Each structure stands twice: as structure tokens, then as C-alpha cells.
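As C-alpha cells, the structure follows; a few thoughts come after it.
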Amino acid sequence: RRLELYNYTNMKSPLSYLPIASGFLVLVLSLAVGVLTVTSKNTNQQTTTKAAETAASFSLSPAVGDYTYQSGATYPVGIIMDSSGHSVDGVDVIINFDPKKAKVVDTKVSAATLFENVLVNSVDNVKGQIKFSGVTFNPKPLTGIVGTFRFQPLSTGTVTFTFDYIPKATTDSNIAEHGTAVDVLGNVTNGNYAFK
């Protein structure tokens, strides 16, 4: 019986193996596509990460607000930084506002703990400008609150706080990279607050 079975098996048409061969081919192709997809995703993730590392940022929090105007009411705003992976030696923050529309009620920014030494910290309600400079002797990537300030709208309308920032400039807002002193600031998000 074994001999008969062997002969019968050998007598099968070569086409009878086509489904098996096709299935094996599909499996190999599927694995190849899967590997290419994973490789592509990893490449995209690395590219995104490297791109993100070049875009250190400043932002105001909240960035927008819609309020009912109340005479004498004050509103807190946080100055946020994200060095996006860069080790940082220090920052310069310059924020402009219209002194006819708002008054910063504090004489200086309430500094957080990101920087051990504050070199400049002032509020000018005549010029409409906030200045803050901080340095650290423990350079590392930094993300968090640089400091906070409170403002008071002087009437209904829109109050805007805008970072003084021009790409590549060195006398405006900047984030200094450790070891190179290069300004790595690449993005700012200003504050826009409406009072009705």
C-alpha cells in the first residue's frame, strides 16, 4: 500500500502544486511589503524627530482667550519654552504689547525655576514691553514655564502680546544652544485675548 500511495503521489500533475506555490509566494511578498512599510515608518519618524529638534519655541499660555470685560480684573499668562532637544545655556524673552489697551500689573515677570540666574527682568507699561533674560550653569534640554505675568485690559477690545522675534536676529527673543551659542529659536506663539 505504501508503494501504491507513493506511485499515486508521483503521478499527480505538476499543476496540482500551484496553489501551494502561490500561497508561499504571497507569504513572501507580504513579508517584504511589511518590512518596507516598517522601514518607511521608522525613517519618517526619525526625519520628524530631527526636524522637531531644530525648532525650539516660545509660546504664551493661554494663547487665546475670549472674556467678558470687567474693569480692574487681571489675567495670568505663562511664558513657555521648549528647547526641542537642544541643551540650553540661556534665553532672552522680549514681549511687546499696546500700553493703551493693557497694563501689566506686576513690575517684573514671576520667574519659574528653569534658570538659576535672572539677568534682566522688567516691565515697561509706558513702552509696552516685557523683558526677561535667564541663564543656567546646568545646560540640558528644557521644556516648561519660564515665568508668568498678569495683565489688566483697559477697555473692551483685543489685547495682544507678541514676541519680538526675527529669525536669525540676536537682539530679540532667543534661545542660546549650549556649546555653540547659536540661537535655536524657530517658532513663537503669541497671545491674543478678546474682551467684550
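Values for this structure:
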quantity	calculated
Residue list for segment 137-153, filter: over 21 Å from the mean Cα position of the chain (by Cα), buried (at least 17 other Cβ atoms within 10 Å of the Cβ) and not aromatic (Phe, Trp, Tyr)	Pro153
Criterion: in contact with a strand residue (DSSP E or B) (Cβ under 8 Å, 6 or more places away or on another chain), part of a strand (DSSP E or B) and of a type outside the set (Gly, Ala, Ser) - qualifying residue of Asn121, Asn138	Asn121
Top-ranked residue of segment 157-196 - restricted to ones that are touching a residue at least 40 places away in the same chain (Cβ under 8 Å) and acidic (Asp, Glu), ranked as farthest from Pro139 (Cα to Cα)	Asp164
Boolean, Thr160 is more than 17 Å from the chain's Cα centre (by Cα), of a type in the set (Ser, Thr, Tyr) and open to solvent by less than 60 Å² (accessible area, probe 1.4 Å)	yes
Residues being under 22 Å from the mean Cα position of the chain (by Cα) and of a type in the set (Asp, Glu) - total across segment 118-136	0
Residue in segment 117-136 that is of a type in the set (Val, Ile, Thr), crowded, with 18+ Cβ neighbours inside 10 Å, more than 26 Å from Gly186 (Cβ to Cβ) and touching a residue at least 40 places away in the same chain (Cβ under 8 Å) present	no
Flag if Lys108 is assigned to a loop (DSSP other than H, G, I, E, B) and open to solvent by 50 Å² or more (accessible area, probe 1.4 Å)	yes
Wholly enclosed strands (runs of 3 or more DSSP E) of segment 145-196 bearing at least 2 residues among the hydroxyl-bearing types (Ser, Thr, Tyr) and in contact with a strand residue (DSSP E or B) (Cβ under 7 Å, 6 or more places away or on another chain)	157-163
Test set (1) at pLDDT 95 or above; (2) open to solvent by 20 Å² or more (accessible area, probe 1.4 Å) - Ala169 fails condition number	(1)
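Every residue, every condition in (1) in a loop (DSSP other than H, G, I, E, B); (2) within 21 Å of Thr170 (Cα to Cα); (3) not small (Gly, Ala, Ser), yes or no:
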site	(1), (2), (3)
Gln70	yes, no, yes
Val77	no, no, yes
Asp82	no, yes, yes
Gly85	no, yes, no
Ile94	no, yes, yes
Lys103	no, no, yes
Phe132	no, yes, yes
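The values are calculated or read from the model by the stated rules, or taken from the named source; none is laboratory data. Source: prediction; values computed, not measured. Methodologically, a virtual Cβ is constructed for each residue, glycine included, from the backbone with ideal geometry; neighbour enumeration extends over all protein chains shown. Accessible surface is based on the protein model in full, side chains and every heavy atom, while ligands, DNA and RNA are left aside. Shrake-Rupley method; radii C 1.70, N 1.55, O 1.52, S 1.80 Å.
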